[in-house]
Structures are given as C-alpha cells and as structure tokens.
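Each remark here refers to the structure printed beneath this line.
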Amino acid sequence: MNTTFFHIPLNRRKLLHRLLLTTGGILTGDLYAEALTLTPRSTEGPYYPDHLPLDQDNDLTQIIGGKAPAGGVVTEIGGRLLNVDGKPINDAVIELWQADNNGCYLHSKGVQKGKERDPQFQGFGKITTNAKGEYRFRTIQPALYTGRTRHYHFAVVQSGKRMLTTQLYFAGEPQNEKDGILRGIRDEAQRLSVIREFKPMSTGSQDMHATWDIVIGMTPEDPEQRRKGPRPR
C-alpha cells in the first residue's frame, strides 16, 4: 500500500516546504499539525443502509456466494486515518456506503426510478485500521443519481463512537460545481481535501485508484449533526 501521501493544499504545501528548509528538515508537532487539513463533516444522507448485508468486508465488488462480480468500473481507495497531529489512528472502523452502477443504494428507498439494484454489489463495507492507521477499499465507481454529483459516503467509528461522517468526490466531475453539499463546504482547503483524482492502476488498465488520508479531531458527532451536515463556521 502506498502510504507516502498526505493531502496538503498547494498553498500549505509551499508553506510546509519553506518551513522544512528553514528548520533543517525538522518540524515540531504544532507546525506539522498546522499543515494538515481536518476532513470536513458532511451529511449522512438518506441512504445509510437500513438493512446491513451479511458480507461487510472491504471488497464491495464481490459478495459471499455471488455468481459474478458487481457491474461498474473497479475502483480502489486507500490511505491512512490520522489525528490533527498527523499521528496514525489504529483500531478504528471506517465504513463506506455508496450507489451502485445503476445509481441505487442498499436501502429500502434507495432504488432510483426506472432502475434496479445490482444484486452482485455489496453496497456497504467496513475495515479496521491497522497499526499504521492504514485502510483500503475495493469497490466500483458510483453512478450518478438525480440531484447529486458522483460521491462516496464514509464514516469513522472509534471506541464505538461515530467520530466523522463525510463524503468523497471525484476531481473533474462536471456536476461538482452544482452539488449543494460539496459547495456547502465553505472552507476551501477542507473542500479540496475531499476531492481526489482517480487514476488508472496501471498503464492500459480500466481499474482506477486514489489515495486519501482522513484527518479527524477528538470530538464525537451526535445524530442531529449527522443528519444536518456541517455546522456553520
């Protein structure tokens, strides 16, 4: 797993580079934490699964007993879970849920009009971070559905408490500029931190991948906050 990339916005990368030069390559915890961007909170949305699948592993493309892989472009997402000081967080659960290749969710009301849910797609998965805070999912590129840009839903649970609910977006997606939830993230650095470039896994490959480090604070969320999304800043 590639674990060498933090998401640091360009202006902060330049600041960090200057700090490294002036400090002889040594940064204190306070300076390093200043360079990190907290992953913004976002609404849970209406389609968190109301019936969790029996298979809840981190490979959503293949279900136990499935006759075929899920339809869609295979996509891998991986990175680290970090605290505000840049230290990895181990033994935390990261959940992923999303629309399938038909724009349908694993939810009793999540089937789009005129569409059918892909029975081979798991729809929800989770993984526990390792000692280095690493996580990885194998899934598909979600289809668009009315009113939203292409996105994934993520939640971070630590010691049984939901610490973060957020969404991840695709760089270059035309609908990004019209998406109310994405545009509602007022802090530019935070908004950029949840937009990632997905690239082919290898030359000529149709499969895609992206690296995304998630940075969380110490305060758990409450259910009301998850429903309404980010608090005004």
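The values are calculated or read from the model by the stated rules, or taken from the named source; none is laboratory data. Because the structure is predicted, anything quoted here is derived from the model rather than measured. All Cβ positions, even for glycine, are placed from backbone atoms using ideal geometry, and neighbour counts span all protein chains on display. What goes into the accessible areas is simple: the full protein's heavy atoms, side chains included, and nothing from ligands, DNA or RNA. Shrake-Rupley method; radii C 1.70, N 1.55, O 1.52, S 1.80 Å.
Summary of computed values
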item: Residues (among the polar types (S, T, N, Q), open to solvent by less than 40 Å² (accessible area, probe 1.4 Å) and at pLDDT below 95) located in segment 170-222; result: Ser205
item: Test: residue in segment 202-217 that is assigned to a loop (DSSP other than H, G, I, E, B) and within 13 Å of the chain's Cα centre (by Cα); result: yes
item: Residue match in segment 117-128 (condition: assigned to a loop (DSSP other than H, G, I, E, B), crowded, with 21+ Cβ neighbours inside 10 Å, touching an Asp or Glu at 6+ places or on another chain (Cβ under 8 Å) and polar (S, T, N, Q)); result: yes
item: Tally, over segment 185-202, of residues that are of a type in the set (Ser, Thr, Tyr) and within 17 Å of His153 (Cβ to Cβ); result: 1
item: Segment 73-96: number of residues that are open to solvent by less than 40 Å² (accessible area, probe 1.4 Å) and not in a strand (DSSP E or B); result: 3
item: Failed condition for Gly66, given (1) farther than 14 Å from Asp213 by Cα; (2) modelled with pLDDT of 95 or more; result: (2)
item: Residue count, segment 97-133 (criterion: farther than 18 Å from Thr165 by Cα and within 14 Å of the chain's Cα centre (by Cα)); result: 0
item: Condition check for His7: modelled with pLDDT under 50 and either out of contact with any Pro (no Cβ under 9 Å at 6 or more places or on another chain) or crowded, with 18+ Cβ neighbours inside 10 Å (or both); result: yes
item: Odd one out for Pro46, checked against (1) modelled with pLDDT of 50 or more; (2) open to solvent by less than 70 Å² (accessible area, probe 1.4 Å); result: (2)
